[in-house]
Amino acid sequence: MNSIKRWGALASTSVALVIGLSPTSAMAQKPIRMIVPLSPGSTVDVVARVMGNQLSKNLGHTIVIENYAGAGGVPGTGQIARAPKDGSVLGMVSSNHVINPSIYKSIPFDAMKDITPITILGTVPMVLVVNPSLPVKDVQGLIALAKAKPATLNYGSAGNGSVPHLAAELFSSEAGGLDVRHVPYKGSGPMTTDLLGNQVQFGFLSVTVAAPHIKTGKLRALGVSTPARSAHLPGVPTLAEQGLPHYSFDAWIALVAPAGLPPAMMSNYYEKSKAALASKEVQDGLATQGIVIIGNTPDKAAAFFQSELVKHAKLVKQSGASLE
């Protein structure tokens, strides 16, 4: 009965995925905690639940998802970094993980040394959109207008140092430097609202957030941020196709563990995750979020983390963004 009560209390703040296990065997095992350092309902949270469901089946073990929202994911990621190195704790992080060391004055862990990536699950393409009242039809048109009328155009983002903010900083840099005003919001929701209302004239949104507004004509898509076009917006060319050949930017989501996880456990988690990514359930679930599946090895994921850390540090410095 005590076990049942503990599970009931835990269910109030997390979701237990007891797939493929009998009640007796499930309670006999200590659940694996999957920490999501973002709020319930976020893209990362949705991916964690889709992956957690299938990963639970593949491992034959209960997975409990716990959300620790706030401060760009720093407190939640700290929970992962300080967790036991026995395979009992996993984490699901996003691009913010490699942005935070540059934008916060200090964080209570080392983003590279204290967290071990298991695999980059996938990337999330962004799309550059404008309010339809803006008299531009493509990327070069926006660049020309911004240069012809400096300091008159506003672009929105989900906050200082957020993915949409840095995507716009890279756009400005690749366009030769644009004199445009950044308006940070507390999330993509309010930013999108003001973009629709023309309080800000342009910005970057994830393809799944932008697609419905593009289809109804409430927003105009100018270019996709990734080297390849998005399946969600196949008719929209990339920025690279429109005179910015080096432009490439996306958000991403990774499965991680505390540093020091035994190699055999790391290998097992990677293989089971790779199998989960190959399942129809996970592929369909990630497709609804606009995610392009990657599923690379732990070594390649670690190298990717390092390259992204360097890339974002440069963009944060260029933007001048900082947070307490």
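The values are calculated or read from the model by the stated rules, or taken from the named source; none is laboratory data. Computed from a predicted model, the values in this text were never measured in an experiment. Methodologically, a virtual Cβ is constructed for each residue, glycine included, from the backbone with ideal geometry; neighbour enumeration extends over all protein chains shown. Heavy atoms of the whole protein, side chains included, go into the accessibility calculation; ligands, DNA and RNA do not. Shrake-Rupley method; radii C 1.70, N 1.55, O 1.52, S 1.80 Å.
Probe radius 1.4 Å, ligands and nucleic acids left out: which of His246, His61, His232 has the largest accessible area, and how do the rest follow?
Ranking His246, His61, His232 by accessible area, largest first, yields His246, His232, His61.
Just to check I understand the Karplus step: with θ = phi - 60° and J = 6.51 cos²θ - 1.76 cosθ + 1.60, what whole-Hz values come out for segment 85-99, glycine and proline as x?
Along segment 85-99, the couplings run 9, 10, x, 7, 10, 10, x, 10, 10, 10, 3, 3, 4, 9, 8 Hz.
For every other residue with a beta carbon closer than 15 angstrom to the beta carbon of Thr119, add +1 if it is Lys or Arg and -1 if Asp or Glu, then tell me the sum.
0
Net charge within 15 Å of Arg229 by Cβ-Cβ distance, Lys/Arg positive one each and Asp/Glu negative one each, not counting Arg229 itself? Don't skip to the end; give the middle numbers.
On the way: positive: none; negative: Asp138, Glu241, Asp250.
Spelling it out: positives minus negatives among the neighbours equals -3.
Would you pull out the residues with amide H under 5 Å of Thr116's amide H, same chain only if 5 or more places away, H placed 1.01 Å from N?
Residues meeting the criterion, in which the H sits 1.01 Å from N, are Ala257, Ala259.
In straight Cα distance, which lysines are under 26 Å from Lys218, not counting same-chain residues fewer than 8 positions off?
The qualifying lysines are Lys137, Lys147, Lys149, Lys186.
Taking Lys300 as the anchor, which lysines have their alpha carbon closer than 22 Å to its alpha carbon, excluding any fewer than eight residues away along the same chain?
Partners found: Lys85, Lys113, Lys272, Lys274, Lys311, Lys314.
Long-range amide H contacts for Gly295: which residues qualify at under 5 Å (H placed 1.01 Å from N, peptide plane, sequence gap of 5 or more or a different chain)?
Ile120, Leu121, Gly122
Pop out the ³J(HN,Hα) list for segment 280-293 in order, Karplus 6.51 cos²θ - 1.76 cosθ + 1.60 with θ = phi - 60°, rounded to Hz; leave Gly and Pro as x.
5, 4, 6, 4, 5, x, 6, 4, 5, 9, x, 8, 9, 5
Looking at segment 112-221, which trypsin sites (Lys or Arg not before Pro) are in a loop (DSSP not H, G, I, E or B) and have at most 10 other Cβ atoms within 10 Å?
Here the trypsin sites (Lys or Arg not before Pro) that fit, given the DSSP loop and packing criteria, are Lys113, Lys186.
In Å, the Kirkwood hydrodynamic radius of the chain over pairs of distinct alpha carbons?
20.5 Å
Quick one: Karplus J couplings for segment 33-38, per residue in order, coefficients 6.51, -1.76, 1.60, θ = phi - 60°, nearest Hz, x for Gly and Pro?
8, 10, 8, 10, x, 9
Report, in cubic angstrom per residue, the convex hull volume of the C-alpha atoms of segment 279-322. Show your work: numbers first, answer last.
Details: hull volume 4.6 nm³, N = 44.
Spread over its residues, the Cα hull of segment 279-322 gives 105 Å³ apiece.
Based on the Cα coordinates of segment 153-290, what is the per residue volume of their convex hull in Å³?
Hull volume over Cα atoms, normalised by residue count, gives 146 Å³.
If we count every other residue with Cβ under 13 angstrom of Leu244's Cβ, Lys/Arg +1 and Asp/Glu -1, where does the sum land? Display every interim value, and only then the final one.
Working: positive: none; negative: Asp138, Glu174, Glu241.
Residues close to Leu244 contribute a combined charge of -3.
Whose amide H sits under 5 Å from the amide H of Ala158, counting only residues 5 or more places off or on another chain, with H placed in the peptide plane?
His165, Tyr185
How big is the C-alpha Rg of segment 83-232 next to the rule-of-thumb value 2.2 N^0.38 Å, as a ratio?
Segment 83-232 yields a ratio of 1.18.
Using Cα pairs closer than 8 Å and at least 6 residues apart in sequence, work out the relative contact order for the chain, in percent.
In percent, rounded to a whole number, it is 25.
What is the percent of Cα-Cα separations in segment 74-139 that go past 19 Å? Display every interim value, and only then the final one.
Numbers: 1057 of 2145 pairs.
Tail of the P(r) past 19 Å holds 49 percent of the pairs.
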